[in-house]
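Everything below concerns the one structure shown next.
The values are calculated or read from the model by the stated rules, or taken from the named source; none is laboratory data. Remember, predicted model here, so these are calculated numbers, not experimental data. Cβ placement follows ideal geometry from the backbone for every residue including glycine, while neighbour counts extend to all protein chains displayed.
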Amino acid sequence: MQEYRYFNDQELERVDRAVLMAEELVNDFFKLSAGHWLKNRYDIKTAKDLVVHEQVRGPFAQVVKYEGRKKEVSLGSSSFSLYKVCLQDPAILSVVEKDKALLLDPFLLYILTHELVHVARFLRFEHRYENVGEANLTLAEERRVHDLTYSILQGVSILGLSKVFLFYGEWRGGQGGGETR
């Protein structure tokens with residue numbers, strides 16, 4: 001049986017760096033201001049901080065939508081959407097350990113950029129979160145998000161990113177197959 005492992009402290013620092021870079025790249029691509037991100041809240045958590053329904057087997061991450069409301073306000077009209085990017089450390093670490101061609105840093109950058117593209121598309125109403133459960137829309141949306149992720153990252157010079165592109169290559173250009181995220 002394979003060990004169920006979370007990111008260690010050094011890996012968490014690498015996650016932090018990948019988050020900062022992914023945020024900047026997605027902001028630039030979608031022309032979003034930092035205020036737009038703060039206004040339309042999202043959070044990124046690793047597996048050790050996820051509740052049971054946020055943990056999944058297979059995907060490397062998922063976006064879960066919550067309705068938030070300030071504690072002092074009880075009216076529903078003051079509610080807001082909160083998107084939580086749930087990183088699945090065991091899946092990420094397992095694939096990087098098995099496939100030595102995949103380096104953790106570029107793999108994290110791709111995964112985080114991909115998930116933030118989902119969030120940006122939800123916030124811009126380019127895709128409805130509620131459609132996530134509809135199989136055909138989900139597959140088409142995954143392909144679209146992989147295409148956008150590639151467009152965002154193709155000009156970035158990071159050692160090992162080309163191997164990550166190969167890993168996800170079947171998802172670009174409308175060709176399905178392989179594991180999502």
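Might you check whether a residue that is of a type in the set (Lys, Arg) and without any contact (Cβ under 8 Å) to a residue 24 or more places away in the chain occurs anywhere in the range 22-37?
Within the range 22-37, one or more residues are of a type in the set (Lys, Arg) and without any contact (Cβ under 8 Å) to a residue 24 or more places away in the chain.
List the residue pairs whose Cβ atoms are under 7 Å apart, where the first residue sits in the range 7-21 and is in contact (Cβ under 8 Å) with a residue 60 or more places away in the chain, the second is of a type in the set (Asp, Glu), and the two are 6 or more positions apart or on different chains.
Phe7/Asp89; Arg14/Asp105; Ala18/Asp105
Counting just the residues of the range 58-80 that are within 16 Å of Val119 (Cα to Cα) and either among the small types (Gly, Ala, Ser) or touching a helix residue (DSSP H, G or I) at 6+ places or on another chain (Cβ under 7 Å) (or both), which one comes out modelled with the lowest pLDDT?
Step one: of the range 58-80, the residues within 16 Å of Val119 (Cα to Cα) are 60-68, 80.
Narrowing the set further to residues that are either among the small types (Gly, Ala, Ser) or touching a helix residue (DSSP H, G or I) at 6+ places or on another chain (Cβ under 7 Å) (or both) leaves 60-61, 63-65, 68.
Details: Phe60: 95, Ala61: 94, Val63: 90, Val64: 89, Lys65: 86, Gly68: 74.
Per the criteria, the residue is Gly68.
Please work out if Ser33 is within 29 Å of Ser157 (Cβ to Cβ) and modelled with pLDDT under 85.
Numbers: within 29 Å of Ser157 (Cβ to Cβ): yes; modelled with pLDDT under 85: yes.
Yes; evaluated as a whole, the condition is true for this residue.
Please determine, by comparing only the residues of the range 159-181 that are at pLDDT below 95 and not in a helix (DSSP H, G or I), which one is nearest to Lys31 (Cα to Cα).
The extreme case among them is Arg181.
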